[in-house]
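Okay, structure first, notes after.
What follows is calculated from the coordinates using simple rules that are stated; it is not laboratory data. Small disclaimer: the values here were computed from a predicted structure and weren't measured. Reconstructed Cβ throughout: ideal geometry from the backbone, glycine too, with neighbour counts over all protein chains shown.
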Amino acid sequence: MKVRPATHDDLPGILEIYNEAVRNTTATYDYEPRTLEHRIAWFEDHVKNNLPVFVAVNDDGRVAGWSALNRYHDRKGYRFTTENSVYVAADQRGRGIGRLLMNPLIEAARERGLHAILAGIDAQNQASIRLHASFGFVKVAHFKQVGFKFDRWLDVVYMELLL
Ligand SMILES: CC(C)(COP(=O)(O)OP(=O)(O)OC[C@H]1O[C@@H](n2cnc3c(N)ncnc32)[C@H](O)[C@@H]1OP(=O)(O)O)[C@@H](O)C(=O)NCCC(=O)NCCS
């Protein structure tokens, strides 16, 4: 397993992992799978804004997971804050790939002079909460019933790492 910056060729793999989470989980509150065009535009926006995207790739070249830093807010005063994403393929979870994808992300945030990384996480997503806690993120907020998916209200916790 190797972690490296993503390229255009990785986008179908990134999309497939995200869309599985859309269809089957409350890790994201999207309801409909996204298109490849949408993911290409997302990637190009990241490149343009110097926001990193990493992939974990198996020996056979398959994308097993990905992570990214995203713009938190457009207003200038928020420019030192970023929000992260990390997704691992359903059949590869629980094997340490999420952990592998976090280190370069935090390093990339430091290199860019960012100050705070936020992670917005469904309150029942123990894997993500534990993953972030193990990298020093602390819970700073709990929003009750701000999400609705699969016929139920969902709470979101925010965890934060100050760099
Ligand atoms: C959350 C996610 C990225 C974690 O990646 P992963 O490769 O499965 O996790 P790892 O094997 O690296 O384990 C990381 C930590 O999570 C814990 N963990 C993993 N799976 C878990 C589970 N099902 N329940 C509880 N804890 C779990 C591990 O014990 C480990 O904790 P530790 O560092 O305290 O030992 C992955 O499960 C995933 O993609 N889930 C669906 C998408 C998602 O939730 N993304 C995050 C949105 S905020």
Cα extents of segment 1-104 per principal axis, largest first, Å, are 41, 29, 24
The chain: relative contact order from alpha carbon pairs under 8 Å, six or more residues apart, as a whole percent, is 19
His38 neighbourhood, Cβ < 14 Å, K/R = +1, D/E = -1, net charge -4
Amide H neighbours of Val53 at under 5 Å, excluding residues fewer than 5 places away on the same chain, with H built from the backbone geometry, are Ala6
Rounded to the nearest 5, the percent of antiparallel DSSP beta bridges in the chain equals 90
Segment 142-163 and segment 1-21 have their Cα centres apart by a whole-number Å value of 25
Here the relative contact order (percent) of segment 65-108, from C-alpha pairs under 8 Å and at least 6 apart, is 43
The relative contact order of segment 68-159, taking Cα pairs under 8 Å that sit 6 or more residues apart, comes to a percentage of 24
